[in-house]
1. Just give me the residues in the stretch 242-262 being on the phi < 0 side of the Ramachandran plot, small (Gly, Ala, Ser) and over 16 Å from the mean Cα position of the chain (by Cα), in sequence order.
2. I need every pair where a residue in the stretch 212-230 that is farther than 26 Å from residue 82 by Cβ has its Cβ under 7 Å from the Cβ of a residue that is outside any helix (DSSP H, G or I), sequence separation at least 6 or different chains.
3. Considering 96, 58, which residue is under 16 Å from the mean Cα position of the chain (by Cα), surrounded by fewer than 23 Cβ atoms within 10 Å (Cβ to Cβ), at pLDDT 95 or above and on the phi < 0 side of the Ramachandran plot?
4. Tell me the residue from 239, 234 that is of a type in the set (Asp, Glu) and either crowded, with 20+ Cβ neighbours inside 10 Å or more than 22 Å from the chain's Cα centre (by Cα) (or both), please.
5. Looking only at the stretch 117-131, how many residues end up being part of a loop (DSSP other than H, G, I, E, B), without any contact (Cβ under 8 Å) to a residue 40 or more places away in the chain and surrounded by 14 or more Cβ atoms within 10 Å (Cβ to Cβ)?
6. Suppose we filter 196, 218 for residues that are more than 30 Å from residue 264 (Cβ to Cβ) and surrounded by 16 or more Cβ atoms within 10 Å (Cβ to Cβ); which single one remains?
7. Select, from 53, 13, 21, 4, the only residue that is small (Gly, Ala, Ser) and crowded, with 24+ Cβ neighbours inside 10 Å.
Amino acid sequence: MRLAVIADIHGNADALRAVLADAEAQGAERIIVNGDVVNRGPDSVEALSLLLARDDVTFTLGNHDDLVRLWHGRSETLPGDWFTDPFWGATDWTATELGRAGLLDVPGGWPLTLTLESPGLPEVLIAHGTPADYRESLSERTDPGRVAELAGGAGVLVGSHIHRPARANRGGVLVLNTGAAGTPMDGDPRAQYLLLTATGQGWRPELRRVPYDRSGVLRRFETSGLLATGLSAEIFRDEVASARSLYTPYWMWTETHGYPRDARSWAAFQRQHPL
């Protein structure tokens, strides 16, 4: 048995197609999409539609899949001032596009975790962040005690969310991170995913990187209308172009200094934090 675990597609249909083609070439019999199919990129409707049309795909819920639903419903769990802040224009655009396509509520049925149980193999526990929180990071840096707490009795713990691949043995648990298909942030722009193969010795992981032409998705930031929504879309585009994390460091920097998130502070951030 061979499984592909894909995550953090973030509205990048070209990266998704490249990963799906590679997974098929590697003989993957099942596709597990570990959250964040949508938002950030211009192709949320196309990416979600492509996956829903397949009969070999299982989903877990990611924070961005949940965010666009909460956004559209003006959920009280989100800060009220976000809804009038131009910085959130890209999220509003994505929620509107998914709503028009009748896809906005689809992720509402996705579970937070997925467990794989096969005779003679360690149990595999999969979640976008961790089984406790879809925003919690899982990597080789995670404390072994926390890994044991999260894994329960599972022998393999798989996460995504951090936009880079990882592999480590933490207290006897194999910790894996899929990396990001659509928005890698470790300086390597190739689309990332995890291939798991069942063997007589247990699960054999392979963290794969797939090259693809990024010019199409970068162009669609402009032609789709997404880039016209403002600064956050510009940052998301630059993350795809650079394969570096920009949004989160910029957010934290503005929080620390009390700066508004606007073109002026973004220019200042870029001067202080050149790629």
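The values are calculated or read from the model by the stated rules, or taken from the named source; none is laboratory data. Computed from a predicted model, the values in this text were never measured in an experiment. Note that we place each Cβ from the backbone using ideal geometry, even for glycine, and neighbour counts take in every protein chain shown.
1. The initial filter retains those residues of the stretch 242-262 that are on the phi < 0 side of the Ramachandran plot, namely 242, 244-257, 259-262.
Within this subset, residues satisfying the condition of being small (Gly, Ala, Ser) are 242, 245.
Selection gives 242 alone.
2. 212/191; 214/189
3. Numbers: 96 fails: under 16 Å from the mean Cα position of the chain (by Cα).
Step by step, each of 96, 58 is checked, and only 58 is under 16 Å from the mean Cα position of the chain (by Cα), surrounded by fewer than 23 Cβ atoms within 10 Å (Cβ to Cβ), at pLDDT 95 or above and on the phi < 0 side of the Ramachandran plot.
4. On the way: 234 fails: either crowded, with 20+ Cβ neighbours inside 10 Å or more than 22 Å from the chain's Cα centre (by Cα) (or both).
That would be 239, the only listed residue that is of a type in the set (Asp, Glu) and either crowded, with 20+ Cβ neighbours inside 10 Å or more than 22 Å from the chain's Cα centre (by Cα) (or both).
5. Final tally of qualifying residues: 3.
6. On the way: 218 fails: more than 30 Å from residue 264 (Cβ to Cβ).
After applying the criteria, what remains is 196.
7. Details: 53 fails: crowded, with 24+ Cβ neighbours inside 10 Å; 13 fails: crowded, with 24+ Cβ neighbours inside 10 Å; 21 fails: crowded, with 24+ Cβ neighbours inside 10 Å.
Just a single option satisfies the conditions, and that option is 4.
Listed here are the residues, each with its yes/no results for (1) among the hydroxyl-bearing types (Ser, Thr, Tyr); (2) more than 27 Å from residue 202 (Cβ to Cβ); (3) in contact (Cβ under 8 Å) with a residue 24 or more places away in the chain.
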| site | (1), (2), (3) |
| --- | --- |
| 7 | no, no, yes |
| 26 | no, no, yes |
| 39 | no, yes, yes |
| 50 | no, yes, yes |
| 58 | yes, no, yes |
| 61 | no, yes, yes |
| 64 | no, yes, yes |
